[in-house]
Each structure stands twice: as C-alpha cells, then as structure tokens.
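Visitor: Have a look at this one.
The values are calculated or read from the model by the stated rules, or taken from the named source; none is laboratory data. No experiment lies behind these values; they were computed from the predicted model shown. Counting neighbours? That spans all protein chains shown, and the Cβs are built from the backbone with ideal geometry, glycine included. Keep in mind that these areas ignore ligands, DNA and RNA; they rest on the heavy atoms of the full protein, side chains included. Shrake-Rupley method; radii C 1.70, N 1.55, O 1.52, S 1.80 Å.
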Amino acid sequence: MPATYATSLHPDASGRRARWLGLWLLAASVALLLLGASVGSTGFGSLLNLRGDPLAQQIVWDIRLPRTLGAWLAGALLGLAGAIAQGLFRNPLADPYLLGSASGAALGGAVAMAVLGVSLSTASWLARLGVTGLAFAGAAGAVLLTLVLARGVQHTLRLLLAGVIVGVVLGAARDLIQVAQPAILEPMQVFTMGSSAFVGWQACAIMAGGWLLCAATAWALSRLLDGLMLGEATAASLGLPIVPMRAGLVLALALATGTAVAHTGLIAFVGLAAPHLVRSIARVTHQWHVWLSSLMGAVLLLAADILARWVVAPQELPVGVLTAALGGSYLLWLMHRRVLGSSL
C-alpha cells in the first residue's frame, strides 16, 4: 500500500519526530499525573501529610488520583475520537462536536438521568455502565443521522452543516427532557459544563477499557484511514473491505465519544485540537497518528483540568468551560492571523 498520505519529510525523519513526540507526551503525562495528585482545595498539604494522616490519604487516593487519571483518560478518548473522525471523513474540521456525536452522547446521558435516576456522581458499576451504554447509543445514532442527512462524506460543507443541525436538534431534545424532569436540572448543568469532579476508580476502569478497545480498533483499521486520505478510489484499489471497516471506525468513534461524555460531560475542542497539534509536529501514517492524537488529547485535557482546579482555588472552574474559552480564543486568533496574512 502507499507508505503515507502526505509528508514532505523524509520517512526516517518523520518517524523520529513521532517517536520523540510520543516520549515527550508520555513524560508530560507522568508529570501532570503527579501534579494533579497535588492540586486541590487543600493545596499541597494533603500530599505532604500523606503518610501519617488518614484524611489526607483519603483525599489523595480516593479523590485526586482517580479524578486526575479520569481527566487523562477522557482526554485520550476525545483525542482518539477526533483523529478517527478527521481521517474517516477526510475533513480537518471533523470532531465529536461538529459531527453531532457529542450531542447524541449528552442526550443519552440525559435519558439515563431521567429514566434510570443516575448521574455523574453515581458510584454503582451497573449505573455507570448504563450511562455509558446510552451515551454510546446516542453518539452512534447521531453520527449515522449526520451521514444520512449529508448523503455520505463526499461533500465537506454538507457534512458539517448536517452535523451542526443534528447537534442542535439533539440538544433541543436534551433540553426538553430537562424541562420534563426538573429534578435533573442541577446534575445536567454540571454535565453540560464538563467536569471530572465525580470521576472515581470505577469510572476510570470503564474509561480505560473503552480507550483500549477503541484505540486497538482504530490501530487495526488504520490502513483504511491512510487509503481514504488518498481518495475513495485509492482505498478501494487496496482491496480493503471498506464498508465493514468504515462501520468499525464509526463504532469506535461513537464508543470513544460516548464513554468520555458519560463520565466527564461535554468538553469541547480537545478532539479538534489534538490531531491538528500532532500533524503540525509529525506527519505520519494513522498507525502512529491515532496513538499520538490520543496521548495529545490526554495531556491537553489533564493540563486544563489541573488549571481549572488551581486558578481560583479553593473554588474551581468547570473544565469544559475552560477548554471552550481557551480553544475558542485560539481558533479566533488563528483565523485572524490567516486572514491578516492573506491580506498583506
């Protein structure tokens, strides 16, 4: 098959960059995980008194560590979902939000809260699996509905417009559920703002399982993503079973999005930004790209979560609001720089 879809770099140089980027992201992940265990409403005192203070041990081991790991896993899932979406639909603007899958997952979460009586703070394994399952079903349904309305992936503008329409309609359905069930208004407010505050060890285990399954699926089907970057005809000429492979990637996209949204709520821009940052550093085949984008998303969201906990301590900002503000500001600056550059 063709070795790569677009790189002006020598393959060896590109591979070295990818390896160095992967090592850097792993090192950054370890450093941020340690920092996340130290940041909270009680400051560094809990970590310093960890050995002789049962309360400090509970704060670090039962609250900070699972929350920190949960933010890392949610970012890894969203970064992976963004890499799959952009490769599958051959669109650098594709991400879980623009395709409507995040809105579908949020709708599934609202149904879980209204019908099953569960929320992000629920500690039961069965309840968390139920929320994850409904979020996955909502995300998968939203992606399929977007594809039906767009009549495939060939027309970029139609695909994006269909994704926006599906997102708005499903968001309205979620709001109607909130109106019909006023008891879920408060937990849904936390859910729509995005937060890792209610992530425990059970949620970490579920997200870790979902991430491994989705990442393995994306890696196994990465040849299709490489072929699609060269066009439908090239992908077909490789002799790949395109329809089942594409269905597998859509399911992996939906599962990654649904699992992240089910446990941390709606967190924007991570799935869009992570693949772009990876491509700006190392343009490699999707066997590398899906893993690097996942690690990049994990680092981005964990850094944002730590900043959200630290910037107004002992209070904290909703991490979804912070990523939306930072991500939106960055995109506006990027658009302004490109428009200004093109006018000079």
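Visitor: Looking at residue 181 and the list (1) of a type outside the set (Val, Ile, Thr); (2) open to solvent by 50 Å² or more (accessible area, probe 1.4 Å); (3) at pLDDT 90 or above, which single condition is not satisfied?
Guide: Here residue 181 clears every test but (3).
Visitor: Being open to solvent by less than 10 Å² (accessible area, probe 1.4 Å) and over 20 Å from residue 301 (Cα atoms) is the filter here; which residues of segment 78-98 pass it?
Guide: 87, 88, 89, 91 - these are the residues of segment 78-98 that are open to solvent by less than 10 Å² (accessible area, probe 1.4 Å) and over 20 Å from residue 301 (Cα atoms).
Visitor: Take the conditions in a helix (DSSP H, G or I), of a type in the set (D, E, K, R) and farther than 30 Å from residue 112 by Cβ and apply them to residue 246. Does it pass?
Guide: Taking the combined requirement at face value, the residue does not satisfy it.
Visitor: Identify all residues within segment 167-199 that are closer than 30 Å to residue 58 by Cβ, out of contact with any Lys or Arg (no Cβ under 8 Å at 6 or more places or on another chain) and not in a helix (DSSP H, G or I); write none if there are none.
Guide: 194, 195, 198
Visitor: Restricting to segment 244-269, name every residue that is open to solvent by 10 Å² or more (accessible area, probe 1.4 Å) and of a type outside the set (Lys, Arg).
Guide: 244, 245, 247, 248, 250, 251, 255, 266, 268, 269
Visitor: Next question. Which condition number in (1) touching a residue at least 24 places away in the same chain (Cβ under 8 Å); (2) farther than 21 Å from residue 95 by Cα; (3) assigned to a helix (DSSP H, G or I); (4) open to solvent by 60 Å² or more (accessible area, probe 1.4 Å) is the one that residue 314 fails?
Guide: (3)
Visitor: What do you reckon, is residue 199 open to solvent by 40 Å² or more (accessible area, probe 1.4 Å) and on the phi < 0 side of the Ramachandran plot?
Guide: no
Visitor: Next question. Give segment 276-288 a look and list any residue that's under 13 Å from residue 25 (Cβ atoms) and surrounded by 24 or more Cβ atoms within 10 Å (Cβ to Cβ), or say none.
Guide: Scanning segment 276-288 gives a single hit, 278.
Residue-wise test of (1) in contact with a Gly (Cβ under 7 Å, 6 or more places away or on another chain); (2) farther than 29 Å from residue 138 by Cβ.
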site	(1), (2)
252	no, no
260	no, no
270	yes, no
275	yes, no
300	yes, no
308	no, no
312	no, yes
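Visitor: Consider residue 104 against the criteria (1) in a helix (DSSP H, G or I); (2) of a type outside the set (Lys, Arg); (3) farther than 16 Å from residue 289 by Cα; (4) modelled with pLDDT under 90: it satisfies all of them except one. Which criterion is unmet?
Guide: Tallying (1) in a helix (DSSP H, G or I); (2) of a type outside the set (Lys, Arg); (3) farther than 16 Å from residue 289 by Cα; (4) modelled with pLDDT under 90, residue 104 fails exactly one: (4).
Visitor: Hey, another quick one. Identify all residues within segment 113-146 that are in contact (Cβ under 8 Å) with a residue 60 or more places away in the chain, part of a helix (DSSP H, G or I) and more than 20 Å from the chain's Cα centre (by Cα); write none if there are none.
Guide: 113, 114, 125
Visitor: Can we say residue 223 is closer than 30 Å to residue 287 by Cα, basic (Lys, Arg), assigned to a helix (DSSP H, G or I) and open to solvent by 10 Å² or more (accessible area, probe 1.4 Å)?
Guide: Answer is yes for this residue.
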